[in-house]
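Notes to accompany the following structure.
The values are calculated or read from the model by the stated rules, or taken from the named source; none is laboratory data. Since the structure is predicted, the reported quantities are computational estimates derived from the model, not experimental observations. Heads up, the Cβs are rebuilt from the backbone with ideal geometry, glycines too, and the neighbour counts pull from every protein chain shown. Keep in mind that these areas ignore ligands, DNA and RNA; they rest on the heavy atoms of the full protein, side chains included. Shrake-Rupley method; radii C 1.70, N 1.55, O 1.52, S 1.80 Å.
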Amino acid sequence: MQLNIYKDYQSLSESTANTLIETVISNPTAVLCLATGDTPKLTYELLVNKAIERKVDFSRCTFIGLDEWVGIPPRIEGSCRFFLQSRIFGPLNIQESQVHLFDGMSHDPRDECSRMDDAIVTKGGIDLMLVGVGVNGHIGFNEPGAGTDVYSHLVDLHGITQSVGQKYFTGIVQIKQGLTLGFKTILQSKKLIMIANGLKKAAVMQKALEEEITTDVPAGLVRAHPFCWTVLDEEAASLLNLQILPEEIVMGHIKAT
Ligand code: PGA
């Protein structure tokens, strides 16, 4: 895993948007899995601007959803589908046929998970996956203690995810379960980028990157991925001791203030 540290959220987002753009330019049929959440918002804004400016063709790409809240319809602003539709698919004119997302309203979660896993296999796997990190260390809805040997599955959400998740909604909502890609798929993605910014992520990034790899901190499991880049701003990296990082982590970009 390579660790890249940028001065601030703006430069972290610029770098990540550039990586996404370059991926699609070099592979116009790329299969992309792009997380939702506050962390990648600026990345997607910059991605859309750069894509329009440079006339990058996304019409042959495929988009795979990372997760979705169970029981939240797509018209609700806090749903992952609404987020991706309004910030990426709409602005880039991505067609429904290019998109495979979990349906949080499905009455058959198991079938929904199989449908997603089948779509990924049919497309030949995920070329690039971009994930954020929850304050509890989750990736997607792979909560602390999650299995590593799982594909898509239904999850009972951790208490922290239920309370922090309220920030995405305008009123109070019941978010008790989620559907998510599992760690098997995350670790099988051809490239994986994990991003985190701000002081609120510093403690979890310290645990994920410096402590023993354990399912208690799912974000740390990506250290086993051979093509993973962790991209932090200085605040999220502020509790790391860069002199004594575990041997599987190599330093890439470091931007000093
Ligand atoms: P955030 O969420 O980007 O809104 O901080 C990250 C996550 O929970 O995965």
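Take E143 and decide whether it is open to solvent by less than 60 Å² (accessible area, probe 1.4 Å), within 18 Å of the chain's Cα centre (by Cα) and of a type in the set (D, E, K, R). Spelling it out, E143 is indeed open to solvent by less than 60 Å² (accessible area, probe 1.4 Å), within 18 Å of the chain's Cα centre (by Cα) and of a type in the set (D, E, K, R).
Here A146 meets the list (1) within 16 Å of the ligand (Cβ to nearest atom); (2) at pLDDT 95 or above almost entirely, failing just condition (2).
The single condition among (1) more than 21 Å from L154 (Cα to Cα); (2) surrounded by fewer than 21 Cβ atoms within 10 Å (Cβ to Cβ) that V31 does not satisfy is (2). Scanning the range 154-202 for residues that are of a type in the set (G, A, S), closer than 30 Å to G124 by Cβ and touching a Ser or Thr at 6+ places or on another chain (Cβ under 7 Å) gives G182, A196.
What's the number of the only condition in (1) away from the ligand (no atom under 16 Å from the Cβ); (2) free of Cβ contacts under 8 Å to residues at least 60 places away in the same chain; (3) over 23 Å from V155 (Cβ atoms); (4) open to solvent by 10 Å² or more (accessible area, probe 1.4 Å) that R87 fails to meet? If we test R87 against (1) away from the ligand (no atom under 16 Å from the Cβ); (2) free of Cβ contacts under 8 Å to residues at least 60 places away in the same chain; (3) over 23 Å from V155 (Cβ atoms); (4) open to solvent by 10 Å² or more (accessible area, probe 1.4 Å), just (1) comes out false.
Yes/no per residue for (1) at pLDDT below 95; (2) under 18 Å from the mean Cα position of the chain (by Cα); (3) part of a loop (DSSP other than H, G, I, E, B):
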| position | (1), (2), (3) |
| --- | --- |
| L46 | no, yes, no |
| S59 | no, no, yes |
| R87 | no, yes, no |
| D103 | no, yes, yes |
| H107 | no, no, yes |
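Residues in the range 30-40 that are more than 13 Å from the ligand (Cβ to nearest atom) and of a type in the set (V, I, T): V31 alone. The residue of the range 15-28 that is nearest to the ligand (Cβ to nearest atom), among those that are surrounded by fewer than 17 Cβ atoms within 10 Å (Cβ to Cβ) and without any contact (Cβ under 8 Å) to a residue 60 or more places away in the chain, is N18. Being open to solvent by less than 20 Å² (accessible area, probe 1.4 Å), in contact (Cβ under 8 Å) with a residue 40 or more places away in the chain and away from the ligand (no atom under 16 Å from the Cβ), is that true of even one residue in the range 41-54? Checking the range 41-54: at least one residue is open to solvent by less than 20 Å² (accessible area, probe 1.4 Å), in contact (Cβ under 8 Å) with a residue 40 or more places away in the chain and away from the ligand (no atom under 16 Å from the Cβ).
Table: residues versus (1) hydrophobic (A, V, I, L, M, F, W, C); (2) more than 13 Å from the ligand (Cβ to nearest atom); (3) under 29 Å from D8 (Cα atoms).
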| position | (1), (2), (3) |
| --- | --- |
| L187 | yes, yes, yes |
| K190 | no, yes, yes |
| A202 | yes, no, yes |
| Q243 | no, yes, yes |
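For the range 109-128, taking the residues that are of a type in the set (V, I, T) and in a helix (DSSP H, G or I), the one that is nearest to E45 (Cα to Cα) is identified as I120.
Checking every residue in the range 112-123 against the condition of being away from the ligand (no atom under 16 Å from the Cβ), of a type in the set (S, T, Y) and without any contact (Cβ under 8 Å) to a residue 12 or more places away in the chain gives at least one match.
To keep it simple, each residue is scored yes or no on (1) over 22 Å from T185 (Cβ atoms); (2) buried (at least 21 other Cβ atoms within 10 Å of the Cβ).
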| position | (1), (2) |
| --- | --- |
| T62 | no, yes |
| R75 | yes, no |
| Q98 | no, no |
| F102 | no, yes |
| S106 | no, no |
| M129 | no, yes |
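Of the strands (runs of 3 or more DSSP E) contained entirely in the range 152-237, those carrying at least 2 residues that are at pLDDT 95 or above and open to solvent by less than 20 Å² (accessible area, probe 1.4 Å) fall at 177-180, 191-196, 228-233.
Within the range 238-257, track down each residue that is in contact with a strand residue (DSSP E or B) (Cβ under 7 Å, 6 or more places away or on another chain), open to solvent by 80 Å² or more (accessible area, probe 1.4 Å) and not β-branched (V, I, T). Answer for the range 238-257, where residues must be in contact with a strand residue (DSSP E or B) (Cβ under 7 Å, 6 or more places away or on another chain), open to solvent by 80 Å² or more (accessible area, probe 1.4 Å) and not β-branched (V, I, T): just K255. Among residues of the range 206-228 that are under 15 Å from I244 (Cβ atoms), none has a Cβ under 8 angstrom from a residue that is in a helix (DSSP H, G or I) and of a type in the set (S, T, N, Q) at a sequence gap of 6+ or on a separate chain.
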